[in-house]
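A.B. asks: Below you will find the structure I want to go over with you.
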């Protein structure tokens with residue numbers, strides 16, 4: 001990904017408060033403001049791409065270096081976001097306090113140093129920042145050593161060493177859990193299908209994780225969180241969605257019980273609720289989704305920042321539409337779009353790139369199934385054209401849905417060229433899903449010239465393959481927002 005493309009995605013991810021802080025920072029400095037003009041160009045360009053921004057900038061400022069301004073603006077935005085985070089985020093605030101302790105120690109202000117390091121240690125322990133806590137503990141002992149252990153008794157030294165040892169045990173367990181969770185995710189992602197995989201594929205990891213957790217006596221939020229995440233992922237991996245839901249439910253309870261720890265990162269709780277909703281959606285337990293959607297919407301009252309509220313509305317919209325799409329109630333979906341028009345649809349470009357694409361795919365899919373091909377194509381066209389989002393996984397779903405729309409519009413030249421392009425890319429990456437194979441095969445058949453007998457044979461073959469194929473994790477990810485197999489089955493009927 002080019003630096004300019006990264007900058008575009010970074011600018012598009014900024015919240016209202018972050019944009020305001022960036023502008024204020026620029027007004028307070030006397031340096032060249034050309035980078036701010038670049039920011040305005042990106043921010044105002046509705047569907048900014050590398051080529052469009054380059055062209056606009058070079059026309060306006062032909063003698064200026066785009067590369068230099070891109071780098072400066074990228075670094076400045078990160079600096080502004082960090083400054084903002086220090087003021088409102090406990091984790092950033094703690095690291096800032098740690099840097100202050102070092103300065104106080106270097107300047108010989110020992111009383112202030114000791115007071116701040118004790119305060120920072122307590123806060124780090126309270127919110128589960130064990131790595132930072134270890135750094136602070138070691139810094140404190142290092143300071144004691146440099147002072148020749150002045151006024152420090154042996155039992156106090158022993159207590160400090162024991163505290164470090166206990167903290168290292170917690171860190172080690174968290175790291176071991178992380179390793180097991182990452183290995184599980186790796187195996188799930190790399191395996192060919194979910195349903196055909198027996199649990200024994202992951203049993204060694206499950207046993208290791210259970211043994212690890214059972215040996216722990218402390219009630220540590222991060223360890224319990226990782227345990228429930230591991231369990232949920234394991235059950236999702238073997239296709240046991242009901243068990244996965246139980247683990248997600250326990251995870252939800254854990255988060256609600258420990259709000260003081262994640263209150264500065266409510267988006268992490270949003271992701272947990274999104275995981276629960278996805279499990280329920282996979283199991284088609286649509287009624288049970290209501291409770292978790294209500295919990296999701298409650299966050300907009302407790303944490304009313306524009307960015308979080310939009311993310312919540314986006315997830316809520318996706319899972320409010322899902323039951324209707326599954327039941328082929330496409331007209332009802334149009335009514336839902338109207339309900340979310342003011343609070344979400346009109347503000348799509350303020351969403352994070354992942355959710356922006358997810359909601360756009362959903363909207364385009366609804367218009368497609370309601371035979372409004374013009375609106376369906378119009379939504380996807382700028383995304384396909386500027387290629388800014390091509391590095392994101394979900395972009396593949398955008399491409400496939402776009403192919404279907406052009407198929408309905410009977411643009412065979414576009415379909416042939418696009419399929420060739422996608423196949424070349426897949427071959428290069430050594431990656432092709434069952435969904436893509438089915439869809440490409442269906443789109444490439446000239447159905448109109450087939451005899452009735454040949455058509456019936458092919459349709460039956462397609463139906464059998466679609467109904468009896470065991471899909472991979474990647475297939476499910478492609479169909480998370482729009483079910484491509486369902487579209488093929490409808491066409492076959």
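A.B. asks: Keeping to segment 370-391, report how many residues are touching a residue at least 60 places away in the same chain (Cβ under 8 Å) and part of a helix (DSSP H, G or I).
C.D. replies: Going through segment 370-391 one residue at a time, the tally reaches 4.
A.B. asks: Select from segment 267-293 the residues that are farther than 20 Å from residue 254 by Cα and touching a helix residue (DSSP H, G or I) at 6+ places or on another chain (Cβ under 6 Å) and write down the one among them that is surrounded by the most Cβ atoms within 10 Å (Cβ to Cβ).
C.D. replies: For segment 267-293, the residue satisfying everything is 281.
A.B. asks: From the residues in segment 311-327 that are more than 15 Å from residue 363 (Cβ to Cβ) and surrounded by 22 or more Cβ atoms within 10 Å (Cβ to Cβ), which one is nearest to the chain's Cα centre (by Cα)?
C.D. replies: So, considering only residues that are more than 15 Å from residue 363 (Cβ to Cβ) and surrounded by 22 or more Cβ atoms within 10 Å (Cβ to Cβ), the one nearest to the chain's Cα centre (by Cα) is 311.
A.B. asks: Further question: Among the residues of segment 195-212, which ones are modelled with pLDDT under 80, touching a helix residue (DSSP H, G or I) at 6+ places or on another chain (Cβ under 8 Å) and either part of a helix (DSSP H, G or I) or crowded, with 17+ Cβ neighbours inside 10 Å (or both)?
C.D. replies: Correct list: 197, 201, 202.
A.B. asks: To continue, here is another question. Which members of segment 263-292 meet the condition of being closer than 18 Å to residue 479 by Cβ, at pLDDT 85 or above and assigned to a helix (DSSP H, G or I)?
C.D. replies: If the condition is that a residue be closer than 18 Å to residue 479 by Cβ, at pLDDT 85 or above and assigned to a helix (DSSP H, G or I), then 274, 277, 278, 280, 281, 289 are the ones that fit.
A.B. asks: Looking only at segment 409-420, decide whether some residue is under 29 Å from residue 42 (Cβ atoms) and either within 31 Å of the chain's Cα centre (by Cα) or surrounded by 19 or more Cβ atoms within 10 Å (Cβ to Cβ) (or both).
C.D. replies: For segment 409-420, residues under 29 Å from residue 42 (Cβ atoms) and either within 31 Å of the chain's Cα centre (by Cα) or surrounded by 19 or more Cβ atoms within 10 Å (Cβ to Cβ) (or both): present.
A.B. asks: A further question on this structure: Of the residues that make up segment 294-309, is at least one assigned to a helix (DSSP H, G or I) and surrounded by 21 or more Cβ atoms within 10 Å (Cβ to Cβ)?
C.D. replies: yes
A.B. asks: Being assigned to a helix (DSSP H, G or I) and surrounded by 12 or more Cβ atoms within 10 Å (Cβ to Cβ) is the filter here; which residues of segment 139-155 pass it?
C.D. replies: Hits for segment 139-155 are 139, 140, 141, 143, 144.
A.B. asks: Quick one: in segment 26-44, which of the residues that are out of contact with any helix residue (DSSP H, G or I) (no Cβ under 7 Å at 6 or more places or on another chain) and not in a helix (DSSP H, G or I) is modelled with the lowest pLDDT?
C.D. replies: Per the criteria, the residue is 30.
A.B. asks: Same structure again: Residue check: is residue 366 buried (at least 16 other Cβ atoms within 10 Å of the Cβ), in contact with a helix residue (DSSP H, G or I) (Cβ under 8 Å, 6 or more places away or on another chain), farther than 24 Å from residue 11 by Cβ and modelled with pLDDT under 95?
C.D. replies: No; evaluated as a whole, the condition is false for this residue.
A.B. asks: Using the structure shown, decide if residue 117 is buried (at least 19 other Cβ atoms within 10 Å of the Cβ), in a helix (DSSP H, G or I) and modelled with pLDDT of 85 or more.
C.D. replies: Criteria met by residue 117.
The values are calculated or read from the model by the stated rules, or taken from the named source; none is laboratory data. This structure is a prediction, so every number in the text was calculated from the model and none was measured. Neighbour counts are summed over all protein chains in view; Cβ atoms, including those assigned to glycine, are modelled from backbone coordinates with ideal geometry.
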